[in-house]
1. If you take the beta carbon distance between residue A:202 and residue A:7 as r and set R0 to 60 Å, what does 1/(1 + (r/R0)^6) give as a FRET efficiency, to the nearest 0.05?
2. At a threshold of 8 angstrom on Cα-Cα distance, excluding pairs fewer than six apart, so keeping six or more, what relative contact order does the stretch A:91-183 reach in percent?
3. With springs only between Cα atoms under 10 Å apart, run a GNM on chain A and tell me which of A:117, A:36, A:139 wobbles the most.
4. Given Cβ point charges of +1 (Lys, Arg) and -1 (Asp, Glu) and nothing else, what value in debye, to the nearest 20, does the dipole of the stretch B:27-116 about its Cα centre take?
5. Of chain B, which part is the longest with no trypsin sites (Lys or Arg not before Pro) in a loop (DSSP not H, G, I, E, B) and with at most 16 other C-beta atoms within 10 angstrom?
6. Tell me, what is the percent relative contact order of chain B, built from C-alpha pairs under 8 Å that lie six or more residues apart?
7. With Rg and the Kirkwood Rh both taken from Cα atoms, where does Rg over Rh land for the stretch B:72-165?
8. Considering only DSSP beta bridges whose two residues both sit in the protein assembly as shown, what percent are antiparallel, to the nearest 5?
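The values are calculated or read from the model by the stated rules, or taken from the named source; none is laboratory data. Values in this document were obtained by computation on a predicted structure and should not be read as measured data. Counting neighbours? That spans all protein chains shown, and the Cβs are built from the backbone with ideal geometry, glycine included. To get the accessible areas, we keep the full protein, side chains included, count just its heavy atoms, and leave off ligands, DNA and RNA. Shrake-Rupley method; radii C 1.70, N 1.55, O 1.52, S 1.80 Å.
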Amino acid sequence: MPHDSHDHPHSLLPSDPALRVKALETLLTDKGLIDPAALDEIIDTYENKVGPQNGARVVARMWTDPAFRSAMLDDPMPKLIEMGLYGRQGEHMVIVENTEDTHNMVVCTLCSCYPWPLLGIPPGWYKSDAYRARAVREPRKVLAEFGVTLDEGVKVRVWDSTAEVRYLVVPRRPVGTEGMSEDELAGLVTRDSMIGCGLAREPGA
Amino acid sequence: MSRVHDMGGRFGDGPIDPAPEPVFKQDWHARALALTLAAGAMGKWNIDTSRHARVCLSPADYARFSYYEKWLAGLADLLVATGVVTEDELQSGSGAVSALSEKKLPADRVAEVLARGGPSTRPSNVAPVFKPGDWVRTRKPARNICVDGGHTRLPAYLAGVEGKVVLYHGTHVLPDMAAHGLGESPEPLYTVAFDATEVWGAAERDGDEVLADLWQSYLEPA
(Lines give C-alpha, C1' and ligand atoms only; values in the text may rest on other atoms or scores of the structure.)
Protein backbone atom coordinates (compact mmCIF):
# COMPACT_ATOMS: atom_id res chain seq x y z
CA MET A 1 0.00 0.00 0.00
CA PRO A 2 1.20 3.56 -0.57
CA HIS A 3 3.33 4.90 2.23
CA ASP A 4 5.34 7.95 3.00
CA SER A 5 8.23 8.57 0.67
CA HIS A 6 9.66 11.47 -1.26
CA ASP A 7 9.45 9.73 -4.61
CA HIS A 8 5.80 8.88 -5.10
CA PRO A 9 5.15 7.03 -8.38
CA HIS A 10 2.59 9.67 -9.39
CA SER A 11 5.44 12.11 -9.98
CA LEU A 12 6.43 9.98 -13.01
CA LEU A 13 3.30 11.15 -14.86
CA PRO A 14 3.20 14.27 -17.10
CA SER A 15 2.80 17.54 -15.17
CA ASP A 16 -0.23 18.85 -17.07
CA PRO A 17 -3.29 17.26 -15.38
CA ALA A 18 -5.20 16.68 -18.63
CA LEU A 19 -2.16 14.88 -20.08
CA ARG A 20 -1.74 12.98 -16.83
CA VAL A 21 -5.26 11.52 -17.12
CA LYS A 22 -4.71 10.77 -20.79
CA ALA A 23 -1.42 8.97 -20.04
CA LEU A 24 -3.00 6.80 -17.33
CA GLU A 25 -6.05 6.02 -19.43
CA THR A 26 -3.90 5.03 -22.41
CA LEU A 27 -1.64 2.85 -20.29
CA LEU A 28 -4.53 1.05 -18.57
CA THR A 29 -6.32 0.59 -21.89
CA ASP A 30 -3.18 -0.90 -23.47
CA LYS A 31 -2.85 -3.27 -20.55
CA GLY A 32 -6.45 -4.41 -21.06
CA LEU A 33 -7.53 -3.07 -17.65
CA ILE A 34 -9.88 -0.30 -18.75
CA ASP A 35 -12.62 -0.13 -21.33
CA PRO A 36 -12.79 3.53 -22.50
CA ALA A 37 -16.47 2.98 -23.31
CA ALA A 38 -17.05 2.12 -19.64
CA LEU A 39 -15.56 5.51 -18.71
CA ASP A 40 -18.00 7.21 -21.11
CA GLU A 41 -20.83 5.31 -19.43
CA ILE A 42 -19.73 6.35 -15.92
CA ILE A 43 -19.47 10.00 -17.01
CA ASP A 44 -22.90 9.89 -18.67
CA THR A 45 -24.38 8.43 -15.47
CA TYR A 46 -23.22 11.27 -13.25
CA GLU A 47 -23.55 14.02 -15.84
CA ASN A 48 -27.06 13.15 -17.01
CA LYS A 49 -28.80 10.50 -14.90
CA VAL A 50 -27.87 10.69 -11.23
CA GLY A 51 -28.09 14.11 -9.58
CA PRO A 52 -29.95 16.34 -7.12
CA GLN A 53 -33.24 15.71 -8.95
CA ASN A 54 -33.25 12.34 -7.14
CA GLY A 55 -32.93 13.88 -3.70
CA ALA A 56 -35.53 16.50 -4.61
CA ARG A 57 -38.08 13.73 -5.37
CA VAL A 58 -37.46 12.24 -1.94
CA VAL A 59 -37.84 15.59 -0.17
CA ALA A 60 -41.02 16.53 -2.04
CA ARG A 61 -42.58 13.18 -1.16
CA MET A 62 -41.57 13.59 2.48
CA TRP A 63 -43.29 16.99 2.47
CA THR A 64 -46.53 15.57 1.14
CA ASP A 65 -46.79 12.00 2.46
CA PRO A 66 -46.66 11.70 6.28
CA ALA A 67 -46.30 7.89 6.29
CA PHE A 68 -43.41 8.08 3.82
CA ARG A 69 -41.81 10.89 5.83
CA SER A 70 -41.95 8.91 9.02
CA ALA A 71 -40.54 5.77 7.33
CA MET A 72 -37.67 7.82 5.81
CA LEU A 73 -36.75 9.41 9.14
CA ASP A 74 -36.79 6.00 10.79
CA ASP A 75 -34.75 4.04 8.19
CA PRO A 76 -34.71 5.33 4.61
CA MET A 77 -32.96 2.33 3.06
CA PRO A 78 -36.00 0.12 2.27
CA LYS A 79 -37.81 2.96 0.50
CA LEU A 80 -34.69 4.19 -1.28
CA ILE A 81 -34.07 0.69 -2.63
CA GLU A 82 -37.71 0.53 -3.73
CA MET A 83 -37.32 3.88 -5.55
CA GLY A 84 -34.12 2.73 -7.30
CA LEU A 85 -32.07 5.28 -5.33
CA TYR A 86 -29.57 2.86 -3.85
CA GLY A 87 -25.98 2.69 -5.06
CA ARG A 88 -22.38 3.63 -4.67
CA GLN A 89 -21.84 6.23 -1.91
CA GLY A 90 -25.44 5.91 -0.74
CA GLU A 91 -25.40 2.51 0.92
CA HIS A 92 -26.12 3.79 4.43
CA MET A 93 -28.33 6.87 4.27
CA VAL A 94 -29.59 8.90 7.19
CA ILE A 95 -32.13 11.65 6.52
CA VAL A 96 -32.24 14.64 8.84
CA GLU A 97 -35.02 17.18 8.82
CA ASN A 98 -34.74 20.91 9.39
CA THR A 99 -37.33 22.22 11.83
CA GLU A 100 -38.38 25.46 13.38
CA ASP A 101 -35.58 25.18 15.93
CA THR A 102 -32.84 23.04 14.28
CA HIS A 103 -30.89 23.56 11.06
CA ASN A 104 -28.77 20.65 9.78
CA MET A 105 -25.71 20.99 7.58
CA VAL A 106 -23.46 18.28 6.09
CA VAL A 107 -19.70 18.28 5.50
CA CYS A 108 -16.87 15.80 5.19
CA THR A 109 -13.81 17.38 6.80
CA LEU A 110 -11.50 14.45 6.00
CA CYS A 111 -12.30 14.10 2.27
CA SER A 112 -15.56 14.85 0.43
CA CYS A 113 -18.05 12.10 1.31
CA TYR A 114 -21.43 12.87 -0.25
CA PRO A 115 -24.66 10.95 -1.02
CA TRP A 116 -24.07 10.28 -4.73
CA PRO A 117 -27.29 8.37 -5.58
CA LEU A 118 -29.37 11.27 -4.24
CA LEU A 119 -27.26 14.31 -5.11
CA GLY A 120 -24.76 13.18 -7.76
CA ILE A 121 -21.15 14.33 -7.73
CA PRO A 122 -20.38 16.99 -5.10
CA PRO A 123 -19.95 20.60 -6.27
CA GLY A 124 -16.51 22.20 -6.22
CA TRP A 125 -17.22 24.25 -3.10
CA TYR A 126 -18.17 21.13 -1.10
CA LYS A 127 -14.75 19.68 -1.92
CA SER A 128 -12.89 22.93 -1.20
CA ASP A 129 -10.49 23.30 1.72
CA ALA A 130 -12.44 26.36 2.85
CA TYR A 131 -15.72 24.47 3.25
CA ARG A 132 -14.10 21.40 4.79
CA ALA A 133 -12.12 23.48 7.29
CA ARG A 134 -14.76 26.05 8.22
CA ALA A 135 -18.17 24.34 8.14
CA VAL A 136 -17.64 22.59 11.47
CA ARG A 137 -16.25 25.63 13.31
CA GLU A 138 -18.24 28.52 11.90
CA PRO A 139 -21.33 27.16 10.15
CA ARG A 140 -23.23 30.44 10.48
CA LYS A 141 -20.51 32.43 8.73
CA VAL A 142 -20.42 29.78 6.02
CA LEU A 143 -24.21 29.93 5.66
CA ALA A 144 -24.00 33.71 5.32
CA GLU A 145 -21.74 33.21 2.30
CA PHE A 146 -24.59 31.22 0.77
CA GLY A 147 -26.97 34.05 1.57
CA VAL A 148 -28.63 32.17 4.45
CA THR A 149 -29.20 33.83 7.81
CA LEU A 150 -30.74 31.78 10.58
CA ASP A 151 -32.77 33.15 13.45
CA GLU A 152 -30.72 33.41 16.62
CA GLY A 153 -33.00 30.85 18.28
CA VAL A 154 -32.21 28.15 15.71
CA LYS A 155 -29.62 25.56 16.70
CA VAL A 156 -27.14 24.36 14.06
CA ARG A 157 -26.14 20.70 13.85
CA VAL A 158 -23.19 20.06 11.53
CA TRP A 159 -22.85 16.41 10.49
CA ASP A 160 -19.24 15.48 9.64
CA SER A 161 -19.43 12.38 7.39
CA THR A 162 -16.45 10.51 8.82
CA ALA A 163 -17.67 6.96 8.02
CA GLU A 164 -19.74 5.39 5.21
CA VAL A 165 -23.00 6.87 6.50
CA ARG A 166 -24.28 9.56 4.15
CA TYR A 167 -26.64 12.36 5.09
CA LEU A 168 -29.43 14.14 3.26
CA VAL A 169 -31.02 17.27 4.72
CA VAL A 170 -34.73 17.86 4.30
CA PRO A 171 -35.18 21.63 4.06
CA ARG A 172 -38.29 23.25 5.53
CA ARG A 173 -41.24 23.37 3.18
CA PRO A 174 -41.82 26.96 2.06
CA VAL A 175 -45.06 28.61 3.11
CA GLY A 176 -47.71 29.09 0.44
CA THR A 177 -47.07 25.71 -1.22
CA GLU A 178 -50.13 23.89 0.16
CA GLY A 179 -51.81 23.23 -3.17
CA MET A 180 -48.68 22.27 -5.08
CA SER A 181 -48.11 18.81 -6.59
CA GLU A 182 -45.15 16.65 -5.67
CA ASP A 183 -43.47 17.48 -9.00
CA GLU A 184 -43.95 21.21 -8.50
CA LEU A 185 -42.58 20.94 -4.97
CA ALA A 186 -39.54 18.98 -6.17
CA GLY A 187 -38.74 21.98 -8.37
CA LEU A 188 -38.33 24.10 -5.23
CA VAL A 189 -35.78 21.76 -3.64
CA THR A 190 -32.28 22.90 -4.49
CA ARG A 191 -29.12 20.83 -4.20
CA ASP A 192 -27.64 23.24 -1.67
CA SER A 193 -30.76 23.01 0.51
CA MET A 194 -30.27 19.22 0.75
CA ILE A 195 -26.67 19.76 1.97
CA GLY A 196 -27.99 22.29 4.48
CA CYS A 197 -26.29 25.25 2.81
CA GLY A 198 -29.45 26.71 1.35
CA LEU A 199 -33.18 26.92 1.85
CA ALA A 200 -35.87 25.61 -0.48
CA ARG A 201 -36.97 28.14 -3.11
CA GLU A 202 -40.08 30.20 -2.47
CA PRO A 203 -42.83 29.47 -5.01
CA GLY A 204 -42.69 31.96 -7.86
CA ALA A 205 -39.18 33.07 -6.86
CA MET B 1 0.09 13.33 14.62
CA SER B 2 -2.30 14.52 11.98
CA ARG B 3 -2.06 14.59 8.22
CA VAL B 4 -2.71 17.45 5.87
CA HIS B 5 -6.21 16.26 4.91
CA ASP B 6 -7.41 16.47 8.52
CA MET B 7 -8.41 20.15 8.26
CA GLY B 8 -11.67 20.43 10.24
CA GLY B 9 -11.66 23.72 12.17
CA ARG B 10 -8.50 25.05 10.56
CA PHE B 11 -8.12 28.84 10.38
CA GLY B 12 -6.91 30.78 7.38
CA ASP B 13 -9.02 29.51 4.49
CA GLY B 14 -10.85 32.17 2.57
CA PRO B 15 -14.52 32.56 1.69
CA ILE B 16 -16.54 29.87 -0.09
CA ASP B 17 -17.67 30.48 -3.66
CA PRO B 18 -21.12 28.93 -4.07
CA ALA B 19 -21.55 30.02 -7.72
CA PRO B 20 -23.23 27.34 -9.87
CA GLU B 21 -20.95 25.29 -12.10
CA PRO B 22 -21.29 22.26 -14.39
CA VAL B 23 -21.00 18.74 -12.88
CA PHE B 24 -17.54 18.45 -14.41
CA LYS B 25 -15.77 21.77 -14.98
CA GLN B 26 -13.20 20.23 -17.31
CA ASP B 27 -13.36 17.14 -19.49
CA TRP B 28 -10.36 15.70 -17.70
CA HIS B 29 -12.17 15.96 -14.34
CA ALA B 30 -14.84 13.62 -15.69
CA ARG B 31 -12.20 11.32 -17.14
CA ALA B 32 -10.25 11.23 -13.86
CA LEU B 33 -13.35 10.31 -11.87
CA ALA B 34 -14.40 7.61 -14.34
CA LEU B 35 -10.89 6.18 -14.58
CA THR B 36 -10.65 5.94 -10.80
CA LEU B 37 -14.03 4.19 -10.49
CA ALA B 38 -13.31 1.80 -13.37
CA ALA B 39 -9.87 0.92 -11.97
CA GLY B 40 -11.39 0.38 -8.53
CA ALA B 41 -13.78 -2.17 -10.04
CA MET B 42 -10.77 -4.49 -10.62
CA GLY B 43 -11.01 -5.19 -6.89
CA LYS B 44 -7.33 -4.67 -6.06
CA TRP B 45 -8.07 -2.20 -3.26
CA ASN B 46 -10.92 -0.98 -1.08
CA ILE B 47 -12.34 2.46 -0.31
CA ASP B 48 -10.14 2.86 2.76
CA THR B 49 -6.97 1.97 0.85
CA SER B 50 -7.85 4.50 -1.82
CA ARG B 51 -8.62 7.24 0.72
CA HIS B 52 -5.36 6.50 2.49
CA ALA B 53 -3.46 6.72 -0.81
CA ARG B 54 -4.82 10.25 -1.30
CA VAL B 55 -4.07 11.41 2.22
CA CYS B 56 -0.53 10.00 2.00
CA LEU B 57 0.30 12.65 -0.59
CA SER B 58 2.94 14.99 0.74
CA PRO B 59 1.46 18.11 2.37
CA ALA B 60 2.92 20.19 -0.48
CA ASP B 61 1.28 18.03 -3.17
CA TYR B 62 -2.00 17.78 -1.24
CA ALA B 63 -2.20 21.56 -0.99
CA ARG B 64 -1.27 22.35 -4.59
CA PHE B 65 -3.25 19.57 -6.29
CA SER B 66 -6.85 20.21 -7.26
CA TYR B 67 -9.43 17.63 -6.17
CA TYR B 68 -9.15 15.34 -9.19
CA GLU B 69 -5.37 15.67 -9.28
CA LYS B 70 -5.39 14.13 -5.80
CA TRP B 71 -7.51 11.29 -7.15
CA LEU B 72 -5.14 10.75 -10.05
CA ALA B 73 -2.05 10.79 -7.87
CA GLY B 74 -3.69 8.39 -5.42
CA LEU B 75 -4.66 6.10 -8.30
CA ALA B 76 -1.17 6.08 -9.82
CA ASP B 77 0.40 5.33 -6.43
CA LEU B 78 -2.10 2.53 -5.75
CA LEU B 79 -1.58 0.95 -9.17
CA VAL B 80 2.14 0.71 -8.46
CA ALA B 81 1.74 -0.34 -4.80
CA THR B 82 -0.54 -3.22 -5.80
CA GLY B 83 1.73 -4.30 -8.65
CA VAL B 84 -0.90 -3.67 -11.33
CA VAL B 85 1.42 -1.22 -13.09
CA THR B 86 5.19 -0.84 -12.79
CA GLU B 87 7.02 2.44 -12.36
CA ASP B 88 8.64 1.85 -15.77
CA GLU B 89 5.22 1.51 -17.39
CA LEU B 90 4.01 4.66 -15.66
CA GLN B 91 7.02 6.56 -16.95
CA SER B 92 7.01 5.16 -20.50
CA GLY B 93 3.22 5.24 -20.84
CA SER B 94 2.93 1.78 -22.36
CA GLY B 95 2.81 -1.79 -21.11
CA ALA B 96 1.91 -5.36 -22.01
CA VAL B 97 -1.56 -6.83 -21.53
CA SER B 98 -2.11 -7.66 -17.86
CA ALA B 99 -3.28 -10.99 -16.44
CA LEU B 100 -5.84 -8.92 -14.56
CA SER B 101 -7.55 -7.89 -17.79
CA GLU B 102 -10.32 -10.41 -17.19
CA LYS B 103 -11.37 -8.16 -14.29
CA LYS B 104 -11.86 -5.19 -16.62
CA LEU B 105 -15.15 -3.38 -16.10
CA PRO B 106 -17.04 -3.55 -19.43
CA ALA B 107 -19.33 -0.68 -20.43
CA ASP B 108 -22.43 -2.86 -20.23
CA ARG B 109 -21.81 -3.63 -16.55
CA VAL B 110 -21.29 -0.03 -15.39
CA ALA B 111 -24.92 0.62 -14.41
CA GLU B 112 -25.10 -2.62 -12.45
CA VAL B 113 -21.80 -2.02 -10.61
CA LEU B 114 -22.68 1.57 -9.64
CA ALA B 115 -26.16 0.53 -8.51
CA ARG B 116 -24.81 -2.37 -6.46
CA GLY B 117 -22.62 -0.07 -4.36
CA GLY B 118 -20.33 -1.37 -1.65
CA PRO B 119 -21.96 -1.49 1.77
CA SER B 120 -19.54 -1.36 4.70
CA THR B 121 -21.73 -3.25 7.19
CA ARG B 122 -20.43 -6.69 8.19
CA PRO B 123 -21.38 -9.21 10.83
CA SER B 124 -19.12 -8.83 13.85
CA ASN B 125 -18.54 -10.52 17.16
CA VAL B 126 -17.77 -7.16 18.76
CA ALA B 127 -20.84 -6.30 20.80
CA PRO B 128 -21.94 -2.67 21.10
CA VAL B 129 -21.04 -1.28 24.50
CA PHE B 130 -22.76 2.08 24.00
CA LYS B 131 -26.29 3.04 23.12
CA PRO B 132 -27.98 6.30 22.15
CA GLY B 133 -28.04 8.60 25.14
CA ASP B 134 -24.69 7.40 26.54
CA TRP B 135 -21.88 9.87 27.17
CA VAL B 136 -18.53 8.98 25.61
CA ARG B 137 -15.09 10.53 25.23
CA THR B 138 -13.05 10.24 22.04
CA ARG B 139 -9.54 8.89 22.02
CA LYS B 140 -6.71 11.41 22.26
CA PRO B 141 -4.60 11.86 20.24
CA ALA B 142 -6.48 10.99 17.05
CA ARG B 143 -4.22 8.30 15.66
CA ASN B 144 -4.18 4.81 14.27
CA ILE B 145 -3.27 2.61 17.23
CA CYS B 146 -2.17 -0.35 15.08
CA VAL B 147 -0.09 1.32 12.39
CA ASP B 148 2.20 4.25 13.14
CA GLY B 149 1.07 7.16 10.97
CA GLY B 150 -1.70 4.92 9.67
CA HIS B 151 -5.17 5.73 8.45
CA THR B 152 -7.90 6.79 10.85
CA ARG B 153 -11.25 8.52 10.55
CA LEU B 154 -11.18 10.20 13.94
CA PRO B 155 -10.60 13.87 13.05
CA ALA B 156 -7.98 15.68 15.13
CA TYR B 157 -10.45 18.42 16.13
CA LEU B 158 -12.61 15.81 17.86
CA ALA B 159 -9.85 14.08 19.83
CA GLY B 160 -10.38 13.92 23.58
CA VAL B 161 -13.83 15.50 23.53
CA GLU B 162 -16.92 14.33 25.42
CA GLY B 163 -20.10 13.83 23.48
CA LYS B 164 -23.37 11.97 23.48
CA VAL B 165 -24.19 8.95 21.31
CA VAL B 166 -27.23 9.78 19.18
CA LEU B 167 -27.36 6.96 16.59
CA TYR B 168 -26.16 3.38 16.36
CA HIS B 169 -25.45 2.11 12.83
CA GLY B 170 -24.60 -1.57 13.35
CA THR B 171 -21.14 -2.99 12.76
CA HIS B 172 -18.98 -1.55 9.97
CA VAL B 173 -15.55 -2.25 8.46
CA LEU B 174 -12.88 -0.44 10.50
CA PRO B 175 -10.86 1.85 8.17
CA ASP B 176 -7.85 1.83 10.53
CA MET B 177 -7.32 -1.86 9.67
CA ALA B 178 -8.88 -2.14 6.20
CA ALA B 179 -6.74 0.68 4.75
CA HIS B 180 -3.62 -1.34 5.52
CA GLY B 181 -4.70 -4.77 4.32
CA LEU B 182 -5.06 -5.95 7.92
CA GLY B 183 -8.59 -7.29 7.53
CA GLU B 184 -11.97 -5.66 7.96
CA SER B 185 -12.26 -5.91 11.77
CA PRO B 186 -15.89 -4.75 11.75
CA GLU B 187 -17.05 -3.07 14.92
CA PRO B 188 -19.96 -0.94 16.15
CA LEU B 189 -20.33 2.49 14.57
CA TYR B 190 -22.12 5.39 16.23
CA THR B 191 -23.01 8.98 15.53
CA VAL B 192 -21.82 11.10 18.44
CA ALA B 193 -23.04 14.67 19.04
CA PHE B 194 -20.57 17.15 20.50
CA ASP B 195 -21.36 20.55 21.96
CA ALA B 196 -19.65 23.12 19.73
CA THR B 197 -18.42 25.05 22.76
CA GLU B 198 -16.71 21.90 24.09
CA VAL B 199 -15.04 21.33 20.71
CA TRP B 200 -13.90 24.88 19.90
CA GLY B 201 -13.67 26.59 23.28
CA ALA B 202 -16.05 29.23 22.00
CA ALA B 203 -18.89 28.43 19.61
CA GLU B 204 -20.66 30.76 17.23
CA ARG B 205 -23.75 30.21 19.38
CA ASP B 206 -24.23 28.24 22.60
CA GLY B 207 -26.04 24.99 21.93
CA ASP B 208 -24.79 24.42 18.38
CA GLU B 209 -23.50 20.91 17.77
CA VAL B 210 -21.00 19.03 15.65
CA LEU B 211 -21.71 15.35 14.97
CA ALA B 212 -19.44 12.65 13.59
CA ASP B 213 -19.62 8.94 12.83
CA LEU B 214 -17.16 7.14 15.08
CA TRP B 215 -16.19 3.51 15.61
CA GLN B 216 -16.38 1.95 19.05
CA SER B 217 -12.60 1.67 19.43
CA TYR B 218 -12.36 5.48 19.02
CA LEU B 219 -14.49 5.92 22.14
CA GLU B 220 -14.38 5.33 25.85
CA PRO B 221 -17.11 5.83 28.46
CA ALA B 222 -17.23 9.38 29.84
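1. Numbers: r = 56 Å, r/R0 = 0.93.
Plugging the Cβ-Cβ distance into 1/(1 + (r/R0)^6) gives 0.60.
2. Relative contact order here is 49 percent.
3. Of A:117, A:36, A:139, the most mobile in the Gaussian network model is A:36.
4. Computed charge dipole of the stretch B:27-116: roughly 280 debye.
5. On the way: sites that count: B:25, B:205.
Segment B:26-204 is the longest.
6. For chain B, the relative contact order is 19 percent.
7. Using only Cα positions, Rg/Rh for the stretch B:72-165 is 1.13.
8. That works out to approximately 55 percent antiparallel.
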